[in-house]
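Heads up, the thing below is written out as structure tokens.
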Amino acid sequence: GTRAAQAQAQAQAEPERANLRGKRNAFPVLAGSKLDPSESFLTGTNATVLEDMFERYKDDPSAVHSSWKQFFTNLDAGVQPGKAVALQRQSRNQLSAIPATMTQGRDLFQISEDTIKLMAMIRAYRHRGHLVADLDPLNLNDSVDVDDVLVPYISRKELEPSYYGFSEADLDREFVVAGELPGPAVRKLRDVYELLRTAYCGKIGTEYRHMVSKDEKVWIGSMIENPNPVPFSRDEKMHILKQLAKAELFETFLSYKHSTAKRFGLEGGESVIPGLHVLVEHASELGVENVIIGMPHRGRLNVLGHIVRKSLAQIFHEFTPHEDPDADSYLGSGDVKYHLGTSQHVTLDNGREINFSLLANPSHLEAVDPVVVGKARAKQFFTGDVERRKTLPILL
């Protein structure tokens, strides 16, 4: 009889359990509790706090938070259990507080998905934008199908908003780009697209995302993606032009004077000269006293003549060592001059003095890099440069 009664009770309880499994409550309730889920705070554990709040309410209803005031007012009015607490829940799918230019009725999940796509487009420009930079001012590639030969199809497509599902109508939508791009925290997709095209697909192609240091990548990106770059003044432009003219004239002279000699010229890379010139001058203003350079053959003579300021007569003489009466003491020929280095104490245009050291390099050109770093560290040690701010190694 006892077993039959237990079986009957179990059979009656089974439908109730199934019903509970099918309709799970979003607010868990402890077994045996008679409280509504919205009133789960009405327990003995909180009795002291509840009593204190109620005493304050009776003395002065405005002395408690509006939510407590509404709760006690409803209790005094005799509302049913579970109705005294006014629950206010914000919709999780609709961002009504965000401007319509950002949402346009879209739910949170779609906005999140579109934002992730925008971040992917920004990443694509940073990694592969240089592949489509305008680096052909003479239009020499017009005879070549550049799109198919030089730039992979997928690299070109992923730089367009349409690749990520954005239409022409989406270009005026606004997105939060705070922390990802310098400038305003909220921007239109059109503005972001134009900024990326200008930064990475202009006359300069920038490839830097392979670097290991995150701080260095962030710094370079902030310089490149600056929406308000400082323009060069007329004097600065003339100074750059002067340095470019010197570099170009030097290579032109050597090409005519020693047309049959083995040369590693700087043609096409003359901007290295004004770049190094500004770098060294700015470094000197920050307290740098020693500059140690390691570089390959290409452009070495130009750097020696216009940055390190080695005697041009000595550089030209190295092309014709047989004219030296002490030719027997001259070691080597051919490209030996492109392996040689020098040390020079130079007074810069800003009046500051710099001690240059361009290291001689072996045939395995990259082997000079650790030597430059090691010499810079030794120079810092022997000059007492504890903060390591007076010696600058430069690797090209």
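Remark: the range 345-353, residue by residue, has Karplus-estimated 3J(HN,Hα) of 9, 10, 9, 6, 5, 8, x, 8, 10 Hz, where x stands for each Gly or Pro and the curve is 6.51 cos²θ - 1.76 cosθ + 1.60 at θ = phi - 60°.
Ordered by 1.4 Å accessible area with all protein chains kept, 258, 317 run largest first as 317, 258. Counted by Cβ distance under 13 Å from residue 210, the other residues give a net charge of +3, where Lys and Arg count +1 and Asp and Glu count -1.
Annotation: residue 257 carries an accessible surface of approximately 130 Å², with a 1.4 Å probe and no ligand, DNA or RNA atoms counted.
Note on residue 140 and residue 123: the extension gain reaches 3.2 nm, defined as 0.36 nm multiplied by sequence separation minus the Cα-Cα distance.
Full extension of the chain segment joining residue 169 with residue 55 gains 35.2 nm, where the gain is 0.36 nm per residue of separation less the Cα-Cα distance. Here the label points at residue 222 and residue 237, each 7 Å from Cα along the C-beta direction, are separated by 2.9 nm in the simple model. Placing dummy labels 7 Å off each Cα toward the beta-carbon, the span from residue 350 to residue 271 is 2.2 nm. Given the C-alpha centroids of the range 348-368 and the range 271-300, what is the distance between them in whole angstrom? Going from one Cα centre to the other spans 8 Å. For residue 186, the amide hydrogen comes within under 5 Å of the amide hydrogens of 177, counting only partners 5 or more places away or on other chains and with H modelled in the peptide plane.
What's the FRET efficiency of residue 342 with residue 176 using the Cβ-Cβ distance as r and R₀ = 56 Å, to the nearest 0.05?
Taking R0 as 56 Å, the efficiency between residue 342 and residue 176 is 0.55.
The values are calculated or read from the model by the stated rules, or taken from the named source; none is laboratory data. Keep in mind that this is a model prediction, so the values were computed, not measured. Reconstructed Cβ throughout: ideal geometry from the backbone, glycine too, with neighbour counts over all protein chains shown. What goes into the accessible areas is simple: the full protein's heavy atoms, side chains included, and nothing from ligands, DNA or RNA. Shrake-Rupley method; radii C 1.70, N 1.55, O 1.52, S 1.80 Å.
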